[in-house]
Amino acid sequence: MPSQSADPEAPAPKTALSINAEELPKHFESAEAEARWDTAWQASGIYHYDETRPREETFVVDTPPPTVSGSLHVGHVFSYTQADVVVRYWRMRGKNIFYPMGWDDNGLPTERRVQDYFHVRCEAHVPYEPGLELKEASDAQRKERPRLVSRKNFIELCHQLTQVDEQAFHALFQRLALSVDWRQTYSTIDEHCRAIAQRSFLDLSAKGLAYQTWAPTMWDVDFQTAVAQAEVEDRTRPGAFHHIEFGVQGSDRSFVIATTRPELLPACVGVTAHPDDARNKDLFGKQALTPLFKVPVPIFPSELADPSKGTGILMVCTFGDQTDVLWWREQKLALRQVIGKDGRLVPVAYGSPGFESQDPELANRHYAELEGKKLAPAREQIVTLLRSASGSATGKGAPLTQEPEKIEHTVKFYERGERPLEFLSTRQWFVRLLDKKQALLAKGAEIDWRPDYMGVRYRDWTEGLSQDWCVSRQRYFGVAIPVWYRIDASGQPNYEQPILPAESQLPVDPMLDVPAGFQASQRDQPDGFTGETDVFDTWFTSSMTPQIGSHWGKDAARHARLFPADVRPQSHEIIRTWAFYTIAKALCHEGRVPWHNVMISGWILDPDRKKMAKSKGNAVTPLHLFEEYGVDSVRYWAASARLGADTAFDTQTFKVGKRLATKLFNAGKFVLGHPGELHPITSEIDRAFVAKLARLVESATLDLEGYRYANALQNIETFFWSQFTDTYIELAKPRAWGAQGRAEERGSALSALRLGLNVLLRLFAPVLPYITEEVWSWVFASETGQASIHVAPWPSAGDFKGIAPPHDPGSFDLALSCLNAINKAKSDAGVSAGRVAERLTLRANAGTLAAIAPVIADVAGAARCLSYDTALDAQLEAGVFAVTDAVFAAKA
RNA sequence: GGGCGGGUAGCUCAGUUGGUAGAGCGCUGGCUUUACAAGCCGGAUGUCGCAGGUUCGAGCCCUGUCCCGCCCACCA
């Protein structure tokens, strides 16, 4: 609604465009403005990436793809806003922004939702049903057995369900004003991402970095899948040391081991103790006899055995923990795997190879009471058996020597799992990372971690890496591992020489697609082939997000323009997974870093200082915050927190943000609502104000370049309130809008007020996109030709070009101090600040009086002094004023 | 057990290279002031976790220590 102000008399160099403030709403209607501007921004395409511009003009963001299951919470709003503020800054700096969005819809969370929602189970060998359509399962259907569907149908159902969530996520992010280019959207299970992940695998295979092996691997018995080191967490659980007496073959010696896992007794393959432990030195080299099963196992010394733990001597099982795996390998022990993939004890025949026993019949009788049981019941059962056994291996003494000793110990869990992990020997695919530690550390050091101490977490994790990356998962809704295996004439798959697809075929589904040189009819037939059923760890795909954006392997020119990215925003708990694997992949594929900066956001804590998370039921939904406070206010809260700092959820800060948006709205109305002539900025006070503004611009720019957006915001906000609205506007408005004085002086004030508003709006724009755009649109959009503030240039020295510096850089602060002294005199007298002072005397020391002279008229105008005297008071400190002899006009 | 971060006003947090402790909220006194009462002008509020040390001078540097949080760690 800009309109020309009418002043036909004045041949002014330039007439200020102004608005009719009366026509504007009384308050800023945030919800209405959000809808209006969102539509405008999407229509104008200001967030679009321009692929014709070169790399050096481009700022590339490796956006975190949120997990699509359920809803977004306020923690997402927090961290995504922080990244968006940085992105918006660089856009205003003229960068061509590549800011994609991804949906992480592949993986277990989605599978579980789909299983529940449709009441289905995926069964890899069920045939595909084209056109299968399912709706949410009814209560009646839920009572039936779940419907079995093929993997392809299951994946389709996953897509169907995630699409609904993705739309809701998209709408919320868009309202949050994330300046994403929505044309660059991917989902981690889509064809493009599957092809990239599989291409990654082909490249790793070609480089000898991907290998498969039959090896003990951490296994979740509920999900029935292998898991990687990074997905494992320690939890403290109550346990108990059971003391079990072992015999020694060919001797009447016996010894007692202590174990928290008596159910692994049938899996015992050895016994070890510290080499210097005098209690057991005589045993090394002999064979122990396990109780109940009478299996002879070697006794060997090991430095890893801790003499102070338990009884100092322990049984080695396949597999109780990672140390067992180590001993098993070093000592070339037998493999007696009694735990099945489902966590139940598998059938075993004593007396057969691998299960030699001195008394097979007794062993089989005991084992029969364990077979098929889950681990917890098996543990109870074996304790009962030990208690009731008539004799120990040596034939004397009770095998269970005493009551179990209760302890708290740490147990490894899959992070999403509910039962402890087991080590199971299975065939899995791995990526070779252990021997790349030094290179991984070097790459991590090349990256700027913000805050920098987050780099330490990466370093510590990398240094502590103890296993290669197990990338295969026995799941369904994931990216298929693109390999087939030949089946020999006897029907055995040949895992040694897998068949890989050609790169041009990607993505492939080995369960559906047929490898070159075979017919579909040869699937699972002797002399035919079989498809790999495993899928990749979801991180295998997620670790490719920079390459997913850059179309690695598909569009070399685009990849060159977009890789490595400039910044990866993410949170700290996934440094060991997402950040680590992404760095590892970029290293393996191209020997480069995937991005130059990582910005790590903190967590939102509830008032009890616990992490706010949907799963804990303490999360706040963002939408009602948008409604109550406005998006700008919510963004203000997010941008107030420094990177890496966990932040309390505090509604007070939303209120402060809302107040700020309102103030910008009102200041905008006021400054732009008055017509007048614009003249060059020449008056001392105006120049002094501009000089301070220029310093603010410098410091805010430095802060934003260093990702210290919260610092910048704080300085901008402080300046806005204390130097602009409450002060400079007060000092300048009588001159700018009064009829008195020379046109040049009035025009100087008007120009400086508008410059101040213009610059401050742009400084606030990355944090408060809606209100700044709103105010910008009234006048500045047409005046500058920049239709949107979000593509207007970031303030710089150029904005102040041609404006002479003030004679005295301190004159602005001096004017404030003087104005405050008069206001205080009014306050002390109980007089409103608006009351006219008919006369008063300003006292200060000589230097201060001299310095205030050039701006005293402005102060007097702002303080509404009709007349004033100055008087010397040498006692006062520099810059301090005293007001005396004030006479205020009667109340109007 | 190891590592990282934090402990500053009642609350949420700033505090650049060491130089007289800050903001907002809250509390409180005053003011309808022609942009804004969602406002303005004032006021009160601190053993900077604790103990040492370096220094003319420490919230900041060093040592020790206590709390809180996070990450890691070999489950006998």
- Message: If A:Val514 satisfies all but one of (1) open to solvent by 20 Å² or more (accessible area, probe 1.4 Å); (2) assigned to a loop (DSSP other than H, G, I, E, B); (3) within 14 Å of RNA strand B (Cβ to nearest atom); (4) hydrophobic (A, V, I, L, M, F, W, C), what's the number of the condition it fails?
- Response: (3)
- Message: Which of the numbered conditions does A:His551 fail, given that it passes all the others? Conditions: (1) in contact with a strand residue (DSSP E or B) (Cβ under 9 Å, 6 or more places away or on another chain); (2) on the phi > 0 side of the Ramachandran plot.
- Response: (1)
- Note on the structure: So, first residue over 15 Å from A:Pro769 (Cβ atoms) and in contact (Cβ under 8 Å) with a residue 24 or more places away in the chain in the range A:648-661, second residue near RNA strand B (Cβ under 9 Å from one of its atoms) and open to solvent by 90 Å² or more (accessible area, probe 1.4 Å), Cβ within less than 8 Å, six or more apart or across chains; the pairs are A:Ala648/A:Pro607; A:Ala648/A:Arg609; A:Phe649/A:Pro607
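Just to be sure, is A:Val68 over 28 Å from A:Trp603 (Cβ atoms) and in contact with a strand residue (DSSP E or B) (Cβ under 6 Å, 6 or more places away or on another chain)? Give the derivation first.
Values: over 28 Å from A:Trp603 (Cβ atoms): no; in contact with a strand residue (DSSP E or B) (Cβ under 6 Å, 6 or more places away or on another chain): yes.
So A:Val68 does not fit the description; no.
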- Message: Checking the structure you have, find out if any residue of the range A:144-159 is free of Cβ contacts under 8 Å to residues at least 12 places away in the same chain, under 22 Å from the mean Cα position of the chain (by Cα) and open to solvent by 20 Å² or more (accessible area, probe 1.4 Å).
- Response: no
- Task: Identify all residues within the range A:401-458 that are more than 13 Å from RNA strand B (Cβ to nearest atom), open to solvent by less than 50 Å² (accessible area, probe 1.4 Å) and in a strand (DSSP E or B); write none if there are none.
- Result: A:Ser425, A:Thr426, A:Arg427, A:Gln428, A:Trp429, A:Phe430, A:Val431
- Query: Only one residue in A:Arg558, A:Arg568 is surrounded by fewer than 21 Cβ atoms within 10 Å (Cβ to Cβ) and basic (Lys, Arg). Which one?
  - Reply: A:Arg558
- Message: Looking at the range A:474-487, can you tell me whether even one residue there is closer than 18 Å to A:Ala215 by Cα, open to solvent by less than 60 Å² (accessible area, probe 1.4 Å) and among the basic types (Lys, Arg)?
- Response: no
- Can you pull out the residues in the range A:160-173 that are under 20 Å from the mean Cα position of the chain (by Cα) and surrounded by fewer than 17 Cβ atoms within 10 Å (Cβ to Cβ)? A:Ala168, A:His170, A:Ala171
- Task: Check A:Asp359, A:Asp321, A:Asp306 and return the single one that is away from RNA strand B (no atom under 12 Å from the Cβ), open to solvent by 50 Å² or more (accessible area, probe 1.4 Å) and in contact (Cβ under 8 Å) with a residue 12 or more places away in the chain.
- Result: A:Asp359
- So which of A:Lys374, A:Lys341 is without any contact (Cβ under 8 Å) to a residue 60 or more places away in the chain and away from RNA strand B (no atom under 11 Å from the Cβ)? A:Lys374
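Within the range A:112-132, which residues are assigned to a helix (DSSP H, G or I) and at pLDDT 85 or above?
Going through the range A:112-132, the residues assigned to a helix (DSSP H, G or I) turn out to be A:112-118.
Matches in the range A:112-132: A:Arg113, A:Val114, A:Gln115, A:Asp116, A:Tyr117, A:Phe118.
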- Task: Just need a number here: residues in the range A:66-85 that are of a type in the set (Ser, Thr, Tyr) and either in contact with a Leu (Cβ under 6 Å, 6 or more places away or on another chain) or closer than 17 Å to A:Trp182 by Cα (or both).
- Result: 2
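Could you tell me how many of the residues in the range A:781-796 are of a type in the set (Gly, Ala, Ser) and part of a helix (DSSP H, G or I)?
Quick first cut of the range A:781-796, residues of a type in the set (Gly, Ala, Ser) only: A:781-782, A:785, A:787-788, A:792, A:796.
Still in the list and also part of a helix (DSSP H, G or I): A:781-782.
Of the residues in the range A:781-796, 2 are of a type in the set (Gly, Ala, Ser) and part of a helix (DSSP H, G or I).
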- Just to be sure, is A:Phe241 within 20 Å of A:Lys309 (Cα to Cα) and at pLDDT below 90? yes
- Message: Checking A:Asp799 against (1) in contact (Cβ under 8 Å) with a residue 12 or more places away in the chain; (2) part of a helix (DSSP H, G or I); (3) open to solvent by less than 40 Å² (accessible area, probe 1.4 Å), only one condition comes out false. Which one?
- Response: (3)
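Here is a check on your reading of the model: is A:Asp62 modelled with pLDDT of 95 or more, within 17 Å of the chain's Cα centre (by Cα) and not hydrophobic (A, V, I, L, M, F, W, C)? First the steps, then the outcome.
Details: modelled with pLDDT of 95 or more: yes; within 17 Å of the chain's Cα centre (by Cα): yes; not hydrophobic (A, V, I, L, M, F, W, C): yes.
For A:Asp62, the condition - modelled with pLDDT of 95 or more, within 17 Å of the chain's Cα centre (by Cα) and not hydrophobic (A, V, I, L, M, F, W, C) - is met.
Looking only at the range A:678-731, count every residue that is of a type in the set (A, V, I, L, M, F, W, C) and within 18 Å of A:Met599 (Cβ to Cβ) and tell me the total. So that I can check it myself, show each step before the final result.
From the range A:678-731, those of a type in the set (A, V, I, L, M, F, W, C) are A:678, A:681, A:685, A:688-691, A:693-694, A:696-697, A:700, A:702, A:704, A:710, A:712-713, A:716, A:719-721, A:724, A:729, A:731; that's our starting set.
Among the residues that remain, those that are also within 18 Å of A:Met599 (Cβ to Cβ) are: A:700, A:702, A:704, A:710, A:712-713.
Number satisfying all stated conditions: 6.
From A:Thr110, A:Thr58, A:Thr52, grab the single residue that is hydroxyl-bearing (Ser, Thr, Tyr) and either closer than 16 Å to A:Val631 by Cβ or open to solvent by 40 Å² or more (accessible area, probe 1.4 Å) (or both).
Values: A:Thr110 fails: either closer than 16 Å to A:Val631 by Cβ or open to solvent by 40 Å² or more (accessible area, probe 1.4 Å) (or both); A:Thr58 fails: either closer than 16 Å to A:Val631 by Cβ or open to solvent by 40 Å² or more (accessible area, probe 1.4 Å) (or both).
Sole residue among the options that is hydroxyl-bearing (Ser, Thr, Tyr) and either closer than 16 Å to A:Val631 by Cβ or open to solvent by 40 Å² or more (accessible area, probe 1.4 Å) (or both): A:Thr52.
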- Message: Looking only at residues that are more than 22 Å from the chain's Cα centre (by Cα) and among the basic types (Lys, Arg) in the range A:454-484, which one is modelled with the lowest pLDDT?
- Response: A:Arg475
- Query: If A:Pro291 passes every condition in (1) touching a strand residue (DSSP E or B) at 6+ places or on another chain (Cβ under 8 Å); (2) more than 12 Å from RNA strand B (Cβ to nearest atom); (3) not in a loop (DSSP other than H, G, I, E, B) but one, which one does it miss?
  - Reply: (3)
- Item | Residue that is farthest from RNA strand B (Cβ to nearest atom) [pool: residues in the range A:687-744 that are outside any helix (DSSP H, G or I) and open to solvent by less than 30 Å² (accessible area, probe 1.4 Å)] | A:Tyr707
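Regarding the range A:187-204, can at least one residue be identified that is closer than 26 Å to A:Val631 by Cβ and at pLDDT 90 or above? If you could, list the steps in order and put the result at the bottom.
Going through the range A:187-204, the residues closer than 26 Å to A:Val631 by Cβ turn out to be A:187.
Narrowing further to those that are at pLDDT 90 or above: A:187.
Within the range A:187-204, one or more residues are closer than 26 Å to A:Val631 by Cβ and at pLDDT 90 or above.
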- Can A:Glu9 be described as modelled with pLDDT of 90 or more, part of a loop (DSSP other than H, G, I, E, B) and either among the basic types (Lys, Arg) or open to solvent by 50 Å² or more (accessible area, probe 1.4 Å) (or both)? no
- Filtering the range A:63-99 down to residues that are open to solvent by 10 Å² or more (accessible area, probe 1.4 Å) and in a loop (DSSP other than H, G, I, E, B) yields A:Pro64, A:Pro65, A:Ser69, A:Gly70, A:Ser71, A:Leu72, A:His73, A:Arg93, A:Gly94, A:Lys95
- Message: Any residue at all in the range A:260-272 that's more than 12 Å from RNA strand B (Cβ to nearest atom) and among the polar types (S, T, N, Q)?
- Response: no
- Residue tally, condition within 12 Å of RNA strand B (Cβ to nearest atom), assigned to a loop (DSSP other than H, G, I, E, B) and open to solvent by 70 Å² or more (accessible area, probe 1.4 Å), over the range A:21-49: 3
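The values are calculated or read from the model by the stated rules, or taken from the named source; none is laboratory data. Remember, predicted model here, so these are calculated numbers, not experimental data. So basically every Cβ, Gly included, is an ideal-geometry build from the backbone, and we count neighbours across all protein chains shown. To get the accessible areas, we keep the full protein, side chains included, count just its heavy atoms, and leave off ligands, DNA and RNA. Shrake-Rupley method; radii C 1.70, N 1.55, O 1.52, S 1.80 Å.
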